[in-house]
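To start, the structure under review is shown below, and the notes come after it.
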Amino acid sequence: MTVGGERFAFRWSRGLGVALGLAAGVMLFGVAAMVWGVMAASESWWILPFGAIPLLLAVAFVGVFARRLPGAFAAVQPDGVRIEYPLSLSATIPYGDIASAAVVGHHFLSGLGIRTNLAGHVALASAWGPSAELELREPVRTGILPYIWWTHARKLRLTIERPEDFVAAVSARVAATGERS
């Protein structure tokens, strides 16, 4: 919900769609290869679930992520920045918890998807190019491997549409919050 605020959708990259499709295809090929290998060695059928089930769960995760990603957004609201990124982050960050906002470049070598340096920097990246980056006073809990591995982001990079407008709006709200306190 974005009552009283402006909504910024995440940018889509053709590379992300190709990467998700390729990942699902490689995982399905792995399942097929395991089934074929187990059928060739008839005494090894009991080992099949140990490899096939995790791969099928990974395929399901990639499918759910790809299906929900078009709904990802960041919104500048009266009470804070609302961020929705499927299976990773669904939170409103109060303006008082934001130290700064800046436009940075997201290089193609940084990759697409949910990225971290394991030291407090998290990128929710769906495209390359100019991105908004929030430096937070209070870290926000973000899923790296959803439902399995979480981290606390102190710097949060968002590859949204019109990052300059987003950063300007957030910076103005952060400045106004700082003047009130």
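Tell me the residue from Ser131, Ser171, Ser126 that is among the hydroxyl-bearing types (Ser, Thr, Tyr), more than 16 Å from the chain's Cα centre (by Cα) and under 15 Å from Ala74 (Cβ atoms), please. Give the derivation first.
Values: Ser131 fails: more than 16 Å from the chain's Cα centre (by Cα); Ser126 fails: more than 16 Å from the chain's Cα centre (by Cα).
From the options Ser131, Ser171, Ser126, the qualifying one is Ser171.
How many residues are modelled with pLDDT of 95 or more and among the acidic types (Asp, Glu) when one looks only at segment 80-96?
0
Return yes when Ala75 is in contact with a Leu (Cβ under 9 Å, 6 or more places away or on another chain) and among the aliphatic types (A, V, I, L, M) and no when it is not.
no
Restricted to segment 120-170, and to residues that are of a type in the set (Ser, Thr, Tyr) and touching a strand residue (DSSP E or B) at 6+ places or on another chain (Cβ under 9 Å), which residue is modelled with the lowest pLDDT?
Ser126
To keep it simple, each residue is scored yes or no on (1) surrounded by 14 or more Cβ atoms within 10 Å (Cβ to Cβ); (2) touching a residue at least 24 places away in the same chain (Cβ under 8 Å); (3) outside the structural domain of Leu20 (by TED's automatic domain parsing).
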residue	(1), (2), (3)
Phe50	no, no, no
Pro54	no, no, no
Ala60	no, no, no
Asp79	no, no, yes
Tyr95	yes, yes, yes
Val104	yes, yes, yes
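Give me the residue from segment 124-181 that is hydrophobic (A, V, I, L, M, F, W, C) and either outside the structural domain of Thr92 (by TED's automatic domain parsing) or touching a Pro at 6+ places or on another chain (Cβ under 7 Å) (or both) and, out of that set, nearest to Gly17 (Cα to Cα). Break it down stepwise before answering.
Going through segment 124-181, the residues hydrophobic (A, V, I, L, M, F, W, C) turn out to be 124-125, 127-128, 132, 134, 136, 140, 144-145, 148-150, 153, 156, 158, 160, 166-170, 172, 174-176.
With either outside the structural domain of Thr92 (by TED's automatic domain parsing) or touching a Pro at 6+ places or on another chain (Cβ under 7 Å) (or both) added as a condition, the list becomes 132, 153.
Values: Ala132: 21, Ala153: 25 Å.
Filtering first and then ranking leaves Ala132.
Going through Val31, Val35 one at a time, which residue ends up being surrounded by 18 or more Cβ atoms within 10 Å (Cβ to Cβ) and farther than 26 Å from His152 by Cβ?
Values: Val35 fails: surrounded by 18 or more Cβ atoms within 10 Å (Cβ to Cβ).
Within the list Val31, Val35, the selection yields Val31.
Within segment 89-108, which residues are under 15 Å from the mean Cα position of the chain (by Cα) and of a type in the set (Ser, Thr, Tyr)?
Ser90
Give the number of residues within segment 123-151 that are among the aromatic types (Phe, Trp, Tyr) and crowded, with 19+ Cβ neighbours inside 10 Å.
So the first thing to find is which residues in segment 123-151 are among the aromatic types (Phe, Trp, Tyr), and the list is 128, 147, 149-150.
Restricting the remaining residues to those that are crowded, with 19+ Cβ neighbours inside 10 Å gives 128.
Here the count works out to 1.
Please state which of the following conditions Gly111 fails to meet, knowing it meets all the rest: (1) modelled with pLDDT of 90 or more; (2) under 19 Å from the mean Cα position of the chain (by Cα); (3) among the small types (Gly, Ala, Ser).
(1)
Picking from Val31, Val59, which residue would you name as being under 30 Å from Thr92 (Cα atoms) and modelled with pLDDT under 80?
Details: Val31 fails: under 30 Å from Thr92 (Cα atoms).
None of the others qualify; the one that does is Val59.
The values are calculated or read from the model by the stated rules, or taken from the named source; none is laboratory data. All values derive from a computational prediction rather than experimental measurement. Using ideal geometry, Cβ is built from the backbone for each residue, glycine included, and neighbour counts are taken over all protein chains shown.
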